[in-house]
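Here's the structure we're looking at; comments come further down.
Readers should treat all values here as calculations from the given coordinates under stated rules, not as data from a laboratory. These figures come from a predicted structure and were not determined experimentally. For neighbour counting, all protein chains shown are included, and Cβ atoms are generated from backbone atoms with ideal geometry for every residue, glycine included.
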Amino acid sequence: MTARRRRRVIVVADATSRSVCVVGGGFAGVALAHAMLERAREARTALRVTVIDRRGVGAGASGVAAGTVHPYTPRGRAQWGGDAGAAATARLVARAEACAEAMDDGSVDRADDPEGGWGDGECKSTGERRRERVVRRTGLARPARSRRQGTDFARFAEERARDVRGFESQCLTTKEMMELAPGLEFGEDVLEAEAAGEACAGGLFVPGGFIVDAPRYLSALWDACEILANRGVPGTRITLRIATVERVEDLFEEFDDVALCCGAYVAELFDRDVVPVQLQGGHVLELKPENLSVGILGTTYVAPLGCARAMCGPTKEYAATVEDCARAGAVDRADARSVAAERELRELATRAYPPTANWDVVGLKYGVRANPPRTPRGSLPLCGSVAFGERRAWIIAGLGARGLLYHALLADWLSRAIFDDDISVIPEEVRFQR
């Protein structure tokens, strides 16, 4: 086993410091920890943040995510809050990226956590690799899979130009799409509509869209949290605790504030009538890409993370349970469940982008996400609080497939709500209170 590089940090506790527990080491949890530390620094307040996760940072569904960031629906319309969410994510990813680069070139000492942290050369279950790029900014392309979708792309072009800033999209012809992604194929209905001169785009290209290496990003963001804590006022610190939370009430005895950002695990803490999420499992295939730089969006995505890996998926497994969460991360490709998933993913990936049929398999991953209920504005995440007698736990839940799009924005809103003890600062469209 590779020896862990650890550092010893001696912090003098401040009796007036505030303590916050964040349950969950995924996108929402680590982003909230970072946002809380930023607010504490601005307010010149000591803050002790403890992140609790059963397996560690990025060890759940967040670490399995493909990591595509853009503000659009499959029809080419802007998501609710999509422009603000994408911009907030871009800022947080840039901070994590800068931290990773500083640590990799040796200008800043690495700050691996001694309780469940990881060392150089040591991969986590999600496949995190030190010194690999946090983000790829080569753009995202969504081919029109039907005449109707291509018509929608063209139809909503004016709306996109009006509402989205920094992530503007372009309607491209089928020929232009194939130049972006050699080997891409289109259905006859799209080609016929285009040949007839109809207002039917061959696809949508988002030059500002980007692909995040999710586990690499989360580890870098954790390092950024530790740097923030070290630069805070005396008494400020952040700690990672590897543990399972069975009763939220027990946390109130130790912490001033409790925030639940635990993804699918929230279904074990609450019944669906309290926190209405639906669990969905999914496998993702890692392939070695050839001659593809842009990410391809669709029901099945193909997201290249460089010349060594591309993420393809996911499968949609609606019978997932909380117990399945323990399987998150890289899985054994030889077991029956994995064999079936890999076969399905091979077929899905080939339909989405035919050249993948010849790409070598690097690995297979699995995760369980918590999908939110549908609203008139679509499926939006939940951000707010749940009452426990006279106390309340803050919560971010139901991120579903849009964890990367919304996590930084939700963390900003919830950190303000926690600091001000005012849930009204959270927009009513996602505000959740039980």
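The calculated FRET efficiency for ARG44 paired with ALA357, based on their beta-carbon distance and R0 = 45 Å, is about 0.20. Principal-axis analysis of the Cα atoms of the chain puts helix 336-352 at an angle of about 50° to the longest axis.
Give me the angle, in degrees from 0 to 90, between the Cα long axis of helix 214-230 and the longest principal axis of the Cα atoms of the chain, rounded to the nearest 10. Taking the Cα atoms of the chain, the angle to 214-230 is about 30 degrees.
For a Förster distance of 30 Å, can you work out the FRET efficiency between the beta-carbons of GLU344 and THR321, rounded to the nearest 0.05?
According to the calculation, E is roughly 0.90.
Eigenvalues of the Cα gyration tensor times 5, then square-rooted: what semi-axes does that give for the range 279-373, in whole angstrom, largest first?
Numbers: eigenvalues 104, 42, 26 Å².
The three semi-axes for the range 279-373 are 23, 14, 11 Å.
Between ALA267, THR89, VAL430, the Cα set farthest toward the positive side of the dipole of the chain (charges on each charged residue's Cβ, about the Cα centre) is that of THR89. Across the chain, the relative contact order, built from alpha-carbon pairs under 8 Å that are at least six residues apart, equals 23 percent.
Treating only the Cβ of Lys, Arg, Asp and Glu as charged (+1, +1, -1, -1), what charge dipole size does the range 279-373 show about its Cα centre? Round to the nearest 20 debye.
On the way: 11 positive and 11 negative charges, 31 e Å.
Roughly 140 debye for the range 279-373.
Charged side chains reduced to their Cβ positions (Lys and Arg at +1, Asp and Glu at -1) give the range 15-84 a dipole of some 120 debye around its Cα centre. Net charge dipole, the range 140-207: roughly 260 debye, given to the nearest 20, about the Cα centre with Cβ charges of +1 for Lys and Arg and -1 for Asp and Glu.
Axis of helix 403-420 versus longest Cα principal axis of the chain: the two differ by about 30°, to the nearest ten degrees.
Coordinate range of the alpha-carbon atoms in the range 140-207 per principal axis, descending: 33, 24, 15 Å. Over all projection directions, the Cα-based convex hull of the range 145-285 averages an area of 14.6 nm². Amide H contacts under 5 Å for PHE388: ALA393, restricted to partners 5 or more places along the chain or on a different chain, H placed in the peptide plane at 1.01 Å from N.
So what is the diffusion coefficient of the chain in µm² per second by Stokes-Einstein at 10 °C and 1.306 mPa s, using a Kirkwood Rh over Cα pairs? Estimated via Stokes-Einstein, D reaches 71 µm²/s. The range 285-312 and the range 335-402 have Cα centres lying 17 Å from one another. Placing pseudo-labels 7 Å out from each Cα toward the beta carbon at CYS307 and GLU253 gives an inter-label distance of 5.7 nm. Work out the charge dipole of the chain with +1 on the Cβ of Lys and Arg and -1 on the Cβ of Asp and Glu about the Cα centre, then indicate which of CYS307, ALA352, VAL284 is farthest towards its positive end. The Cα lying farthest towards the positive end belongs to CYS307. Across every pair of non-identical alpha carbons in the range 344-410, the mean reciprocal distance, once inverted, gives a Kirkwood radius of 15.3 Å. Ellipsoid semi-axes for the range 65-107, based on the Cα gyration tensor and the rule √(5λ), read 29, 11, 5 Å when sorted largest first.
Projecting label points 7 angstrom from Cα along Cα→Cβ for THR173 and THR138 puts them 2.4 nm apart.
Each part gets one Cα centre, and for the range 241-266 versus the range 63-83 those centres are 29 Å apart. Can you classify the range 207-306 as rounded, prolate or oblate using the Cα gyration tensor, where a ≥ b ≥ c are the square roots of its eigenvalues, rounded means a/c under 1.5, and otherwise it's prolate if a/b beats b/c and oblate if not? Oblate, because a/c is 1.5 or more while a/b does not exceed b/c.
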